[in-house]
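Enquirer: Attaching a single structure in structure tokens format; questions to follow.
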Amino acid sequence: MSTFQPGPLREADATRTDDGRWTLKFVRELAHPPERVWAALTDPAQVGQWAPFRAERDLSELGATTLAMIDGDLAVDLPATVLRAEPPTLLEYAWGEDLLRWELTPTPAGTRLTLRHTVAGSDDLPRAAAGWHLCLDVAERLLDGRPVPPIRGRAALEHGWQDLHDAYAKELPGTLGE
């Protein structure tokens, strides 16, 4: 068991889309310039150190790709399409049935990272929030020069995922908290 512990709950909200799906809005303040954060979001070598998936290519290039969801020794390839890539401020891609939009806004202290993750149903919101919470904690450690191994799949349960899930479920509209 690792000594890694997740940080406190982060700014998160959810809204229903016109087509009946839900969009999780997840915000992080990072003490790094947008260019460094952009590289962590798009460079396959860096993505593989924090994300729940492995990218087959640079995500700053538009078009079809594959993101392999990782759970221990299991990797499941899922189709993805990079729809928008405007370095270093906007990255948007479809991943399976989901849509992820990463917005990077420069701040005096670094970057305000806003992730908008559109999912099928409200039950997916606390799962996504807990998962991204852990992944972005790991990404922040990577950017800070204090890397820890990626936390993904069932291993997330050893790092507070269930507590995060339950806490976000109480906070997010459309879930238990509504």
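The values are calculated or read from the model by the stated rules, or taken from the named source; none is laboratory data. Keep in mind that what you see is a predicted model, and the values were worked out from it rather than measured. Counting neighbours? That spans all protein chains shown, and the Cβs are built from the backbone with ideal geometry, glycine included.
Enquirer: Of the residues that make up segment 39-46, is at least one assigned to a loop (DSSP other than H, G, I, E, B), under 17 Å from Leu125 (Cα atoms), at pLDDT 95 or above and of a type outside the set (S, T, N, Q)?
Expert: Taking segment 39-46 as the starting set, the residues that turn out to be assigned to a loop (DSSP other than H, G, I, E, B) are 43.
Still in the running and under 17 Å from Leu125 (Cα atoms): none.
No, there is no match, as no residue in segment 39-46 is assigned to a loop (DSSP other than H, G, I, E, B), under 17 Å from Leu125 (Cα atoms), at pLDDT 95 or above and of a type outside the set (S, T, N, Q).
Enquirer: Which condition breaks for Glu103 when tested against (1) assigned to a helix (DSSP H, G or I); (2) within 13 Å of the chain's Cα centre (by Cα); (3) not basic (Lys, Arg)?
Expert: (1)
Enquirer: Among the listed residues Thr105, Thr89, Thr118, which satisfies the condition of being under 25 Å from Gly63 (Cβ atoms) and surrounded by fewer than 19 Cβ atoms within 10 Å (Cβ to Cβ)?
Expert: Working: Thr105 fails: under 25 Å from Gly63 (Cβ atoms); Thr118 fails: surrounded by fewer than 19 Cβ atoms within 10 Å (Cβ to Cβ).
Only one candidate qualifies: Thr89.
Every residue, every condition in (1) within 12 Å of the chain's Cα centre (by Cα); (2) part of a helix (DSSP H, G or I); (3) closer than 24 Å to Leu74 by Cβ, yes or no:
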| position | (1), (2), (3) |
| --- | --- |
| Leu115 | yes, no, no |
| Pro126 | no, yes, yes |
| Leu136 | yes, yes, yes |
| Leu157 | no, yes, yes |
| Lys170 | no, yes, no |
| Pro173 | no, no, no |
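Enquirer: A follow-up question, please. Return the residues of segment 10-38 that are within 14 Å of the chain's Cα centre (by Cα) and assigned to a loop (DSSP other than H, G, I, E, B); say none if nothing qualifies.
Expert: Arg10
Enquirer: Search segment 35-51 for residues that are within 17 Å of Leu104 (Cα to Cα) and pair each with any residue that is outside any loop (DSSP other than H, G, I, E, B) and among the polar types (S, T, N, Q) when their beta-carbon atoms are under 7 Å apart and the residues are at least 6 apart or on different chains.
Expert: Correct list of pairs: Val37/Thr111; Ala39/Gln46; Ala40/Gln46.
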